[in-house]
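Heads up: the structure comes next, in structure tokens.
The values are calculated or read from the model by the stated rules, or taken from the named source; none is laboratory data. No experiment lies behind these values; they were computed from the predicted model shown. Here Cβ is always computed from backbone atoms with ideal geometry, including for glycine, and neighbour counts include all displayed protein chains.
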Amino acid sequence: MLLLSVPYVPFTVALALLLAFLVLEIAALMLGGSLIGDSDADLDLDPEFDALVADFDLDADAMPDVAELIDTSETLQGITDSASGTSGATRGGIAGLLGLGRAPFMIWLATLLTGFGLSGLGIQSLADTLLGAPLSVAFASLGAALIGLAVTRHFTGLFARLLPSIETTATSAQFMGGLRGVVSQGIAQRGSPAEVRLRDRHGNLHFPRCEPFADSDVIVEGTPVLTVRVRKAPGEWALRILPTA
């Protein structure tokens, strides 16, 4: 078969690996998991991180010290920056040029395999048509790799821009306690949540809708806020906001 001939083998193998990853991902999803994984679990943080995060889990009748919570939030950010400093520096260099860090690794790899495999087949088919024979494997692979990396970098950049989205409070409350942000749309008051723009500790933007922590608070658009979590039921949390100015 043409696709199994030597000039085409690297690109056929790349597409075969992509198909294998797709089959494994479908199987993992059927079992309740995923190869893509949870991006929040990728960061290995200082052991004191969890203890500090617990400061933002409040009882509904608590009277929080906002200034102290702001200090704790800044400490958390410092721990995160320290833990991710190496990877952050890498993303600004070669890895940044390759698109690494903008999307989960499996998505990055699948995009690279797709770009490399399809462009390689296209290069060899075009060469066969125009020159009467495919190019050498090394030359075609180099061209396909450059095209594949360019496609991957463009796609992961687009993927990163599409990440910010409206999120439910139920989802956000699982991991957003202690973040600083601003009310970006609406007026937050009891029974009437407003949209809050938050940047998590991985640099991703989120736009959950939140109510104030205190029943009496009315938080207008543009107000800087700090997020806390309030337990609604065992294992269930609601995200609330405290004005910081």
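Scanning the stretch 217-243 for residues that are part of a loop (DSSP other than H, G, I, E, B) and either at pLDDT 90 or above or among the aromatic types (F, W, Y) (or both) turns up D217, V218, V220, E221, G222, T223. Here N204 fulfils each of the conditions (1) over 27 Å from the mean Cα position of the chain (by Cα); (2) surrounded by fewer than 21 Cβ atoms within 10 Å (Cβ to Cβ); (3) not basic (K, R) apart from (1).
Annotation note: Cβ proximity below 7 Å between a residue of the stretch 64-89 that is surrounded by fewer than 16 Cβ atoms within 10 Å (Cβ to Cβ) and a residue that is basic (K, R) and at pLDDT below 75 (sequence gap 6+ or interchain) occurs for Q77/R201.
Considering the stretch 47-72, the residues that are assigned to a loop (DSSP other than H, G, I, E, B) and not aliphatic (A, V, I, L, M) include one that is modelled with the lowest pLDDT, namely P47. Residues considered: S192, S184, S136. Of these, the only one that is modelled with pLDDT of 90 or more, surrounded by fewer than 16 Cβ atoms within 10 Å (Cβ to Cβ) and closer than 21 Å to R231 by Cα is S192. Within the stretch 180-218, the residues that satisfy the criterion of being under 24 Å from A103 (Cβ atoms), touching a residue at least 24 places away in the same chain (Cβ under 8 Å) and not small (G, A, S) are L198, D200, R201, H202, N204, L205, H206, F207, P208.
I'd like the full set of residues that are buried (at least 21 other Cβ atoms within 10 Å of the Cβ) and within 16 Å of Q189 (Cβ to Cβ), limited to the stretch 224-241.
At the first step, the residues of the stretch 224-241 found to be buried (at least 21 other Cβ atoms within 10 Å of the Cβ) are 225-229, 239-241.
Within the stretch 224-241, V225, L239, R240, I241 meet the criteria.
Here L158 fits the description: exposed (fewer than 14 other Cβ atoms within 10 Å of the Cβ), modelled with pLDDT under 95, among the aliphatic types (A, V, I, L, M) and in a helix (DSSP H, G or I).
Among residues of the stretch 138-160 that are among the β-branched types (V, I, T), those with a beta-carbon under 8 Å from a residue that is crowded, with 17+ Cβ neighbours inside 10 Å and outside any helix (DSSP H, G or I) at least six positions away or on a different chain give the pairs T152/G99; T156/G99; T156/L100; T156/R102; T156/A103.
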